[in-house]
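Engineer: Dropping the structure in here first, questions after.
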Amino acid sequence: MEVTIWDILSPIVPLIVLTIVLPFVKRLIISKVKDKENALKKICLIASLFFIASLTLILLPNGVFWKLLCLKKAITLHIIEVPGAISGFYIDAISMIFILITLFIAILSLIFSHDIVTSEDLPDLYCSLIGLLVLGLYFIFIAGDLVSLFVAWELMSVATYALIFIRRSNVLAMEAGTKYLIMSAVASTLMLYAISLIYGYTGSFDFITIHEKVLKLTLEESRGLLIALTLLTLSFGFKAVIVPFHTWAPDVYQETLDPITVILSGAASKVGIYCLIRVYYLLLPYPHTRILLAILAIVTMTVGNITALLQNDLKRLFAYSSIAHMGYIVASLSTGTVMGIAGTLMHSINHAIMKSLAFFCISLLSYQINSREVAKMKGFGRLDKYFSITFTICLLALAGMPGLNGFISKFIIVASLIDAGLIWLVVGIIINFGIAVAYYIRLIQIMYSQVKSEKLTQSKSKKVSIYMKAPIAILTILCFIIGLYPSPILKIVLEASKVVFSA
């Protein structure tokens, strides 16, 4: 079963069309529709269709996802050969898993945006910028050399800057965006310097060539590459919101438009995890350096969970919770085993589902009561049954309750750590699971607290459309499906994980 360049590039076509053509289509629709708000809503739905087209092309019976899964190996396709580098693609089942996560979350975010865009002063390029962001992520996941990876990284970063700054009338959003811009520039500089070091030692930018040459170097000869490894960890740790490179995330998640927060937390943060997999298992596969990931993991989950306990803003609370979950993912990545990589992939999938559901539910609450404060949520669960049921399921899934998806991936992570002999990390992660349960249960208790009925009636002021409810329903159902019947996804992530060690 052969994978062609067309198989890889065909899903990009709808994204390119979306990014380039949609602004002109929007002007045409607005010119024909008198109500500008309805025109904006139609644009979001049209944009979601482009992403559905990309997702369909990947998941067709003869699509690239199933081909790569059957091949059980990574595919390298060369386009242009230049001196010192080979420009092409390096793609395997892991690449496709992260691409599917990105497209799925983008679709739900655009559908959810149907009712959100009308309450914000957004520019015409809103949907096109989301398309550009996803396009950048797609190219990162299929990049076969460091130059292509860096260019795709900057493409993603430019789109991210624009989407964070998109709330032009929000001063706090501008401040958060500025912080992200500065830190992102530093991360990109470190990445560029690391790339130059790798090229200096190996004479190539190509992933496979670098891998082969690094394996031939002795530890004494590769000291400079250890510096490059550290710099790349810093760069990719920034995007994966790993402590101490996490400080931008709470501000950005809190002040960014809700659907964009979902994309950043559910999808864009995974690009850092993907790149760390490539660095530690393909480019610079030094087993003894993975202890760095283990240390970063325990610090990240601890800082994230303890700080989440102190938050009063729900979006900020779940930003720190998201940081803690990235710590769990990195902990599994540090094991150096097939089960560890499977835990990383499984929790990346579940984190995308659970955190997207959490931020959607918070947006639903804010849409109705115009507040995200934990105290203002008191008793609201008794009034809005849809919100209370879905948010409770989300919190229990995040806490790792058996029968829900969070339990499955957490169990695999702990099992992989035990198998790798990292008992100290097992103790640390279990303690952090307990800390996280404390604030999840606290939120459930506040949500169902008794308050005066008149106060509750006054709280709920807006009706919620199907476009806001549908993404929440889909994610809630997925929490149950994966929790009760995880076998199909487990089989996929295990097969994908084996590819990492076949390079």
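No lab work stands behind these numbers, since they all come straight from the coordinates. Everything quoted here is computed from the prediction, not taken from an experiment. Methodologically, a virtual Cβ is constructed for each residue, glycine included, from the backbone with ideal geometry; neighbour enumeration extends over all protein chains shown.
Engineer: Remind me, relative contact order of the range 286-503 in percent, using alpha carbon pairs under 8 angstrom and six or more residues apart?
Structural biologist: Relative contact order comes out at 28 percent.
Engineer: In addition: Let me know the longest stretch in the chain that avoids all GluC sites (Glu not before Pro) found in a DSSP loop with at most 12 other C-beta atoms within 10 Å.
Structural biologist: 222-503
Engineer: Further, regarding this structure: Hey, rough spin-label estimate for L60 and M174, points 7 angstrom out along Cα→Cβ, what's it come to in nanometres?
Structural biologist: Each label point is offset 7 Å from its Cα along the Cβ direction, giving 4.7 nm.
Engineer: Could you work out the relative contact order of the chain? I mean the mean sequence separation of Cα pairs under 8 Å and 6+ apart, divided by the number of residues, in percent.
Structural biologist: Over the chain, the number comes to 15 percent.
Engineer: Run lengths n ≥ 4 of DSSP H only: what is the helix-derived mean residue ellipticity at 222 nm for the chain, with -39500 (n - 2.57) per run over all residues, to the nearest 500?
Structural biologist: Using -39500 (n - 2.57) per qualifying helix, the result is -24500 deg cm²/dmol.
Engineer: Something else about it: Show the residues, 5+ positions off or on another chain, whose built amide H is closer than 5 Å to the amide H of M401.
Structural biologist: Those lying under 5 Å, H to H, from M401 are F407.
Engineer: Give me the log10 of I(q) over I(0) for the range 286-503 at q = 0.10, 0.11 Å⁻¹, as the Debye formula computes it from C-alpha points; what are the numbers?
Structural biologist: Once normalised to I(0) and log-transformed, intensities are -0.46, -0.55.
Engineer: Could you tell me what a quarter of the Cα convex hull surface of the chain works out to, in nm² with one decimal place? Provide the component values of the computation, followed by the final result.
Structural biologist: Numbers: hull surface 90.0 nm².
Its Cα hull, projected and averaged over all orientations, spans 22.5 nm².
Engineer: Another question, if that's okay. Can you pull the three principal axis extents for the Cα set of the range 202-319, in Å, largest first?
Structural biologist: Result for the range 202-319: principal-axis Cα extents of 53, 26, 16 Å.
Engineer: Can you list the trypsin sites (Lys or Arg not before Pro) in the range 138-236 that are in a DSSP coil and have 16 or fewer other beta carbons within 10 angstrom?
Structural biologist: R168
Engineer: Still on this model: Hey, can you grab everything whose amide H is under 5 Å from the amide H of T337? Only 5+ residues off in sequence or another chain; H modelled, so Pro and N-termini drop out.
Structural biologist: Correct list: empty.
Engineer: Would you be so kind as to identify all helices of the chain, as entire DSSP H runs, whose Cα atoms reach 30 Å or more along the helix's own axis and whose mean Kyte-Doolittle hydropathy is at least -1.0?
Structural biologist: Within the chain the helices that satisfy the rule are 36-59, 93-116, 171-202, 338-369, 423-447.
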